[in-house]
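The values are calculated or read from the model by the stated rules, or taken from the named source; none is laboratory data. Only a predicted model underlies this, so the values are computations on that prediction, with no experimental measurement involved. Cβ placement follows ideal geometry from the backbone for every residue including glycine, while neighbour counts extend to all protein chains displayed. Keep in mind that these areas ignore ligands, DNA and RNA; they rest on the heavy atoms of the full protein, side chains included. Shrake-Rupley method; radii C 1.70, N 1.55, O 1.52, S 1.80 Å.
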Amino acid sequence: MSAQRVAIVTGAARGIGAGVAKRLASDGMAVAVLDLDAAHSQVVVDEITAAGGTALAVGADVSDEASVAAAVELVAEQLGAPTVLVNNAGIIRDNMLFKMSVDDWDAVMGVHLRGAFLLARATQSFMVKEKFGRIVNLSSTSAQGNRGQVNYSAAKAGMQGFTKTLALELGKFGVTANAIAPGFIETEMTHATAERMGVAFEDFEKAVASQTAVNRIGQPEDIAHTASYLCSAGAGFVSGQVIYVSGGPAD
Ligand code: NAP
């Protein structure tokens, strides 16, 4: 039997990241549940452990170089070489361009792009050494443009170019890189958006579902299922792709 694969999922204390972490653990991987606050990650770790899986709570800020280096070192020591990486941590700081602050621009770029870059750079040597790696980056349908999200849509479009270049650079070492671009998924992020817009979540959900081909909004498990496939050994000939998991055509 081959050694247990080790995955790092960022922003995994809740929402999509928690769904992905639980799914990869049930697929048999040892999972580092990385989030800003390790105490929040511990809740997901306990769920994984209770279900018979292996997981480790890791506290780190993905936008901070030293924090990422320490986190990856901890994972390698405690779980083994991380050869699966899901760059999921994300924030939104929505505003129309004329009202958007430089801090809101930088914060979004920092978590999504700088964070994904730092994690990929810190883990690639383990993947290259093992001649196996799976990198999944969270993009969004907003990559195609969304009012009030000039920072977020730029970051999410950036994730797609980042993914394709990782695929080109790392492919010969058995490492694939793909992006998942979710549509509307029910998480604290989308609940917060509804609240900010002053709409009840149920009304928001109905409106979005009515414009979605499958007539519903998504759940974290929808994204976890796609991540599970992309991280599987059998998906080794799929690389540099952007998969829209949005209940219909992307636009
Ligand atoms: P969420 O519920 O807001 O969860 C995001 C997680 O990331 C939180 O646990 C958060 O921690 C963590 N995080 C934020 N900044 C971090 C940092 N600097 N370092 C480490 N962790 C950090 O979001 P979600 O809806 O699950 O979204 C997950 C990903 O999918 C994001 O990249 C998002 O852009 C993308 N996405 C979501 C949707 C959607 O409809 N929900 C659609 C398209 C794409 P704290 O709780 O401590 O802040």
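Here are some notes:
- Each peptide among 177-187, 13-23 gets the average number of other Cβ atoms lying within 10 Å of its residues, and from highest to lowest they stand as 13-23, 177-187.
- The angle between the Cα long axis of helix 201-210 and the main principal axis of the chain comes to about 90°, on a 0 to 90 degree scale.
- Tilt relative to the chain, helix 65-78 - C-alpha long axis, 0 to 90 degrees, to 10: 50 degrees
- Taking amide H atoms as placed 1.01 Å from N in the peptide plane, the amide H of ARG134 lies under 5 Å from those of VAL84, LEU85, THR176, each 5 or more residues away in sequence or on another chain.
- Placing +1 on the Cβ of every Lys and Arg and -1 on the Cβ of every Asp and Glu, with nothing else charged, gives segment 158-251 a dipole about its Cα centre of roughly 440 debye.
- Taking the longest Cα principal axis of the chain as reference, the axis of helix 15-26 is set at about 30 degrees.
- Note on LEU74 and MET189: the extension gain reaches 38.6 nm, defined as 0.36 nm multiplied by sequence separation minus the Cα-Cα distance.
- Taking every alpha-carbon pair in the chain and binning the separations at 10 Å intervals from zero gives 8, 33, 38, 18, 4, 0 percent.
- Taking all protein chains together and a 1.4 Å probe, the residues HIS40, HIS112 rank HIS40, HIS112 from largest to smallest accessible area.
- Given +1 at the Cβ of Lys and Arg, -1 at the Cβ of Asp and Glu and no other charges, the dipole of the chain around its Cα centre is 820 debye to the nearest 20.
- Built amide H within the under 5 Å cut-off of ALA181, gap 5+: SER139, ILE243, TYR244, VAL245
- Signed unit charges on C-beta, dipole axis of segment 80-140, positive-most listed residue VAL102, PHE132, HIS112: PHE132
- Under 5 Å between amide hydrogens, built in the peptide plane, is the criterion, and for VAL58 it picks out VAL33, LEU34, ASP35 among residues at least 5 positions away or on other chains.
- Residue (of GLY236, THR49, GLY161) at the positive-pole extreme of the chain, dipole from beta-carbon charges: GLY236
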